[in-house]
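Asks: This is the structure I have questions about; it appears just below.
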Amino acid sequence: MLRIILLVLVVITAVLIVPRLLSRSVKPAEGASAPDFTLPSQEGTFVSLKDYRGKWVVLYFYPKDQTPGCSREAHNFQVDQPKYAERDAVVLGVSLDSVESHKKFCTKEGLNFKLLADTDHKVTDSYGSLTNFGVVKFAARNTFLIDPAGKVAKTFLNVNPLTHSAQLLAELDELQKSVGLPK
């Protein structure tokens with residue numbers, strides 16, 4: 001009986017852990033060019049990172065629309081939109097959810113910043129943010145702060161959705177001071 005239990009545990013571990021370990025791609029390094037992308041937004045229009053050259057970009061990855069942590073994080077980004085505008089920054093959210101799911105999420109939560117649908121997982125993977133549990137895949141809660149030249153200025157991994165927007169605003173202030181860029 002003990003052998004059967006141990007065998008079951010080994011199989012479960014192999015099924016859950018091994019695909020996750022094998023699927024991890026490398027996150028872009030701070031100072032490196034941010035991987036470019038074009039994805040559809042909840043508005044049905046395509047959004048490219050290159051469209052925002054000259055601005056700071058908060059590119060945040062999140063697991064799933066209409067879940068408690070993701071709703072709180074998105075709500076905080078929405079409330080802080082005027083503060084991001086003062087800092088010449090835009091917020092772009094990315095998950096593996098569909099455009100239709102994003103539309104519903106934005107309507108329910110009153111969001112007016114862009115949520116991008118990465119249904120083929122390529123962009124999430126290129127930012128090293130794809131979590132793979134075999135049959136279940138989702139975006140890890142990571143954020144990349146991209147400077148106006150398109151370089152990754154700062155990386156935030158496994159963020160706290162309750163405090164993350166305030167953390168990003170403070171980091172934006174520090175980065176803009178250190179490079180002498182205007183707010």
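Bear in mind that the values in this text are calculations on the coordinates, not laboratory data. Computed from a predicted model, the values in this text were never measured in an experiment. Counting neighbours? That spans all protein chains shown, and the Cβs are built from the backbone with ideal geometry, glycine included.
Asks: Among ARG72, ARG3, ARG141, ARG53, which comes first, second and so on when ranked by fewest other beta-carbon atoms within 10 Å?
Replies: Ordered from fewest to most neighbouring Cβ atoms within 10 Å, ARG72, ARG3, ARG141, ARG53 come out as ARG3, ARG53, ARG72, ARG141.
Asks: Moving on to the next point. Using a Förster radius of 22 Å, what is the FRET efficiency between SER98 and SER48 based on their Cβ-Cβ separation? Nearest 0.05, please.
Replies: Here the calculated transfer efficiency is 0.70.
Asks: For q values of 0.12, 0.19 Å⁻¹, compute log₁₀ I(q)/I(0) with the Debye formula on a Cα-only model of region 30-112, without solvent.
Replies: For region 30-112 at q = 0.12, 0.19 Å⁻¹, log10 I(q)/I(0) is -0.36, -0.92.
Asks: Can you compute the helix-only [θ] at 222 nm over the chain? Use -39500 (n - 2.57) per DSSP H run of at least 4 residues, normalise by all residues, nearest 500 deg cm²/dmol.
Replies: Roughly -12000 deg cm²/dmol at 222 nm, from the helical runs in the chain.
Asks: Give me ILE146, ILE5 sorted ascending by neighbouring Cβ count inside 10 Å, so fewest comes first.
Replies: The fewest-first ordering by Cβ neighbours comes to ILE5, ILE146.
Asks: Now for a different question. With angles folded into 0 to 90 degrees, how steeply does helix 68-79 sit against the dominant principal axis of the chain? Use alpha carbons for both and round to 10.
Replies: 0
Asks: Can you compute the modelled spin-label distance between ALA32 and THR107, with each label point 7 Å from Cα toward Cβ, in nm?
Replies: 4.0
Asks: Related question: Taking the Cα centre of the chain as the origin and placing charges on Cβ (Lys, Arg +1; Asp, Glu -1), which of THR45, GLY128, SER178 is farthest toward the positive end of the dipole?
Replies: So the residue furthest toward the plus end is GLY128.
Asks: As I understand it, the value is the acute angle between the Cα axis of helix 2-23 and the longest principal axis of the Cα atoms of the chain; what does it come to in degrees, rounded to 10?
Replies: For 2-23 against the chain, the angle is about 30 degrees.
Asks: For MET1 and LYS154, compute 0.36 nm times the residue count separating them, minus their Cα-Cα distance, and round to one decimal in nm.
Replies: 50.0 nm
Asks: Mind sorting PHE77, PHE113, PHE133, PHE144 by how few other Cβ atoms lie within 10 Å of their own Cβ, fewest first?
Replies: PHE133, PHE113, PHE77, PHE144
Asks: Report the Rg/Rh value for region 2-178, based on alpha-carbon coordinates and the Kirkwood definition of Rh.
Replies: Ratio of gyration radius to Kirkwood radius: 1.02.
Asks: While we're here: Using each residue's phi in region 87-95, evaluate 6.51 cos²θ - 1.76 cosθ + 1.60 at θ = phi - 60° and report the 3J(HN,Hα) Karplus result to the nearest Hz, with x for Gly and Pro.
Replies: 9, 6, 10, 10, 10, 10, x, 10, 9
Asks: Could you tell me what a quarter of the Cα convex hull surface of region 79-139 works out to, in nm² with one decimal place?
Replies: 5.0
Asks: Treating only the Cβ of Lys, Arg, Asp and Glu as charged (+1, +1, -1, -1), what charge dipole size does the chain show about its Cα centre? Round to the nearest 20 debye.
Replies: Magnitude of the dipole: close to 380 debye.
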